[in-house]
Amino acid sequence: MASGTELTPTSYIDHHLTYLTAQVGEGSFWVLHVDTLITSIILGVISLGFIWLVVRKATPGVPSKRQAFVELAVEFIDNEVKNTFHGNRHAFVAPAALTVFIWVLMMNAMDILPIDIMAWILEHGFGLHNWKIVPTTDVNTTFALALSIWFLMLFFNVKVKGLGGWLHELFCTPFGSNPLLWILNLLFNFIEYVSKPLSHSLRLFGNIYAGEIIFLLLGMWAATGISGTIFGSILGAGWAIFHILIVTLQAFIFMMLTVVYISMAHESH
């Protein structure tokens, strides 16, 4: 922000919520949020790479602290998947659930880092003036994740039930196979298929984005004076503790919905 520019609530928030973009084609659709993409990839490589390295060095004897931590995480996810998905979960569903949970948790957890400190490090250390470090506050990220799960759901619907079986399900459930009800069944299923990626993505985006806005508002309050600094710091610390729960819970909900949608694709109505 330029020196001497009046700091207003709108300009302060806009400053922290502006993306670093790259135009790859004509029109607003062909705009890449470079900061979101790079941060997501880095977090994915770090988190999943860490698990991969620990698993490679795992021993059957007394586990190290890192191995014990990874084993607890894997066992926790596996138990949650077992309660929802009734089939060979180890072939794909459980590993996918672990990947989704760890990756989304890492992206959400970036919201706990101090906003102004990270902005200062990125700007003075790397020359990046506008760099969003919380990928899940970008609706493009949550929609991309939700659509990926949606396509997996379609894939398993066709794989498990066959193309004919899936089409029969679209036209004949839930109200019956009477030809007079085909349009009503298709409309009902269409609404269900459209609502799944919308609710899946917007739930995650809304909760994490709202949390970042609250952090920004508390930071603005702390800049108003001594009283604002004191109360803003106290409330900020309290919100940070509470936000740890939100960050973890939203990753867990996103992972469980992923398992539920894939499980529903394996079941016949």
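The values are calculated or read from the model by the stated rules, or taken from the named source; none is laboratory data. Here the structure is a predicted model, which is why all the values come from computation and not from measurement. Quick reminder, even Gly has a Cβ in these numbers, built from the backbone with ideal geometry, and neighbours come from all protein chains shown. Side chains are part of the model used for accessible areas, which takes the heavy atoms of the whole protein and leaves out ligands, DNA and RNA. Shrake-Rupley method; radii C 1.70, N 1.55, O 1.52, S 1.80 Å.
Scanning the range 169-186 for residues that are assigned to a helix (DSSP H, G or I), hydrophobic (A, V, I, L, M, F, W, C) and farther than 24 Å from residue 152 by Cβ yields 180, 181, 182, 183, 184.
Report yes if residue 119 is among the hydrophobic types (A, V, I, L, M, F, W, C), at negative phi, in contact (Cβ under 8 Å) with a residue 24 or more places away in the chain and open to solvent by less than 20 Å² (accessible area, probe 1.4 Å), otherwise no. In short, no. Within the range 55-74, residues that are among the hydroxyl-bearing types (Ser, Thr, Tyr) reach partners that are open to solvent by less than 60 Å² (accessible area, probe 1.4 Å) and not in a helix (DSSP H, G or I) with beta carbons closer than 9 Å, at six or more positions or on different chains, in the pairs 64/58. Among all residues of the range 144-166, there is none that is farther than 28 Å from residue 257 by Cα and of a type outside the set (Lys, Arg). Reported count of residues in the range 212-232, each being farther than 17 Å from residue 117 by Cα, small (Gly, Ala, Ser) and part of a helix (DSSP H, G or I), is 2. Flag set for residue 149, criterion: out of contact with any Pro (no Cβ under 6 Å at 6 or more places or on another chain), modelled with pLDDT of 95 or more and open to solvent by less than 60 Å² (accessible area, probe 1.4 Å). The set of residues in the range 41-54 that are open to solvent by 90 Å² or more (accessible area, probe 1.4 Å) and either in contact (Cβ under 8 Å) with a residue 12 or more places away in the chain or not hydrophobic (A, V, I, L, M, F, W, C) (or both) contains only 46. Taken over the range 140-154, residues that are touching a residue at least 12 places away in the same chain (Cβ under 8 Å) and either part of a loop (DSSP other than H, G, I, E, B) or not aliphatic (A, V, I, L, M) (or both) amount to 5. Going by what's in this entry, would residue 251 be described as within 21 Å of the chain's Cα centre (by Cα) and either at pLDDT 80 or above or at positive phi (or both)? Considered against the rule, which asks whether it is within 21 Å of the chain's Cα centre (by Cα) and either at pLDDT 80 or above or at positive phi (or both), residue 251 comes out as yes.
Of all the listed residues (38, 112), the sole one being free of Cβ contacts under 8 Å to residues at least 12 places away in the same chain and either touching a strand residue (DSSP E or B) at 6+ places or on another chain (Cβ under 9 Å) or not aromatic (Phe, Trp, Tyr) (or both) is 38. Within the range 73-89, the only residue that satisfies the criterion of being open to solvent by 50 Å² or more (accessible area, probe 1.4 Å) and closer than 16 Å to residue 53 by Cα is 74. If you check 177, 201, 227, 233 for being without any contact (Cβ under 8 Å) to a residue 12 or more places away in the chain and surrounded by 14 or more Cβ atoms within 10 Å (Cβ to Cβ), only one passes: 233.
Within the range 132-139, identify whether any single residue is part of a helix (DSSP H, G or I), free of Cβ contacts under 8 Å to residues at least 24 places away in the same chain and surrounded by 14 or more Cβ atoms within 10 Å (Cβ to Cβ), and answer yes or no. Checked the range 132-139: no residue is part of a helix (DSSP H, G or I), free of Cβ contacts under 8 Å to residues at least 24 places away in the same chain and surrounded by 14 or more Cβ atoms within 10 Å (Cβ to Cβ).
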